[in-house]
Amino acid sequence: MEIRVIIIGGEVQIFVDGDGVSYEQAAEATRELVASLQADGLQVNLTTGIEQHKDGADHAHVTRQLHHSH
Amino acid sequence: MPCNAAITITKAAVSADRLAGLLTPEVTSTLLTAHLEGLGLEQRTAASFSDHAMSQDYARPLPFFAVRQNQAGAYPRQGATTARIGGYYGVDIIVEAGKVRVNCTNPAQQQYAEQIAEQISTLMGAAADMLFAQQVEATMARMGAVERQEVMVEDQGQQRTATVLTVRL
């Protein structure tokens, strides 16, 4: 599993990827990272849900408006 | 960016106030001192706040400075940090939680003071961003070795620096 975090100013984008990694595993890793950041006093708050962008070999496209802004 | 870049993509943010809170008085002092020294000004002790020497150039204070912490206000406000450039008849650059304001004893020095203030404001913003990224990296380091990159990205028509942190589990 690869967790990639892109930080621009105070904005954070968290990408979780990896062969054989399920959406549930990726979502859990995201939640754990956010919880760790908050526990360390960083007061980081989610501004989107944990969006699913692919699941194994098939691409699951999320049809939420926010998806188009990444 | 292709939308199959990852299994999950999530956005989060920290408030501007929280970012500014990373600029403690100690950090602010260090940044102010480094910047003013970089401009060629001589650092002196706080006693120089009372130095009554006068500059021959009304538009510019004498080329020395001192930095001190003001007495803190009521909790939870942080105390402001003041850099006095040029002694008693000089210019105050006052920084509190990353916000910068100036105070001139001589109106002719206003342009000079505002130029310095703008530089320091930019510096404080960049420093807060860097400190935040460092803290995120420290948190991620508990998961595994973190690979760090600094890249330029286009954000709403402007080029900005982005920090990319990667950990592989």
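The values are calculated or read from the model by the stated rules, or taken from the named source; none is laboratory data. In this text, all values refer to a predicted model and were calculated from it rather than measured experimentally. Because the Cβ atoms are built from the backbone with ideal geometry, glycine has one as well, and the counts that use them run over all protein chains shown. Accessible surface areas use protein heavy atoms only, side chains included; no ligands, DNA or RNA. Shrake-Rupley method; radii C 1.70, N 1.55, O 1.52, S 1.80 Å.
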Solvent-accessible area buried by B and A, counting both chains, probe 1.4 angstrom, square angstrom: 4000 Å²
Peptides B:133-144, B:41-52 ordered by average Cβ neighbours within 10 Å, highest first: B:133-144, B:41-52
Of all accessible heavy-atom area on the protein assembly as shown, the percent that carbon and sulfur account for (1.4 Å): 49 percent
Expected 222 nm ellipticity per residue - DSSP helices of 4 or more, -39500 (n - 2.57), all of the protein assembly as shown, to 500: -9500 deg cm²/dmol
Area accessible to solvent at B:LEU169, 1.4 Å probe radius, in Å²: 110 Å²
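What is the average number of partner chain Cβ atoms found within 10 Å of a Cβ in A:42-48? List each step's numbers first, then the result.
Numbers: counts 10, 7, 9, 5, 4, 4, 5.
The mean count of partner-chain Cβ atoms within 10 Å per residue comes to 6.
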Segment A:1-45 - accessible surface per residue (Å², probe 1.4 Å): 43 Å²
Calculated on alpha-carbon atoms, Rg and Dmax of the protein assembly as shown in Å: 22.7, 75
10 Å Cβ neighbours from other chains, averaged over peptide A:34-41: 3
Phi-based couplings in Hz for segment B:11-24 (Karplus 6.51, -1.76, 1.60; Gly and Pro marked x): 10, 9, 7, 10, 5, 4, 5, 5, 4, 5, x, 6, 8, 5
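Given a 1.4 angstrom probe, what's the average accessible area per residue across segment B:100-166, in square angstrom? Let's see the in-between values first.
Numbers: 3870 Å² over 67 residues.
With all protein chains present, segment B:100-166 gives 58 Å² per residue.
Could you order B:LYS99, A:LYS54 by accessible surface area, starting with the largest, using a probe radius of 1.4 Å?
Details: B:LYS99 140, A:LYS54 45 Å².
In descending accessible area the options line up as B:LYS99, A:LYS54.
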Under Karplus coefficients 6.51, -1.76 and 1.60, residue-wise ³J(HN,Hα) of segment A:9-22 in Hz, glycine/proline x: x, x, 9, 10, 10, 10, 10, 10, 8, x, 5, x, 8, 8
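Evaluate E = 1/(1 + (r/R0)^6) for B:GLU118 and A:LEU46, where r is the Cβ-Cβ distance and R0 equals 41 Å; express this FRET efficiency to the nearest 0.05. It would help to have the intermediate numbers written out before the result.
Numbers: r = 34 Å, r/R0 = 0.83.
So the FRET efficiency works out to roughly 0.75.
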Of all DSSP beta bridges in the protein assembly as shown, antiparallel share, percent nearest 5: 95 percent
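Rank these residues by their accessible area, most exposed first, probe 1.4 Å: B:VAL27, A:VAL44. Intermediate values should be presented prior to the final figure.
Working: B:VAL27 45, A:VAL44 0 Å².
Output order, biggest surface exposure first: B:VAL27, A:VAL44.
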Residues with amide H under 5 Å from that of B:ALA53, placed H, sequence gap 5 or more: B:TYR88
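How big is the shadow of the Cα convex hull of chain B, averaged over all directions, in nm²?
Values: hull surface 52.5 nm².
The orientation-averaged projected area of the Cα hull of chain B comes to 13.1 nm².
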Segment B:138-148 - phi-based ³J(HN,Hα) in whole Hz, Karplus 6.51/-1.76/1.60, Gly and Pro as x: 4, 5, 5, 5, 6, 8, x, 5, 9, 9, 10
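Which value results when the Cα radius of gyration for segment B:79-131 is divided by 2.2 N^0.38 Å?
On the way: Rg = 11.4 Å, N = 53, 2.2 N^0.38 = 9.9 Å.
It is 1.15.
Let me confirm one metric for peptide B:149-161, namely the mean number of other chain beta-carbon atoms within 10 Å of its residues' beta-carbons.
On the way: counts 2, 0, 2, 0, 2, 0, 3, 0, 0, 0, 0, 3, 3.
Shielding by partners across B:149-161 averages 1.
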Inter-label distance, nm, simple model (7 Å from Cα along the C-beta direction), B:ARG142/B:LYS99: 3.3 nm
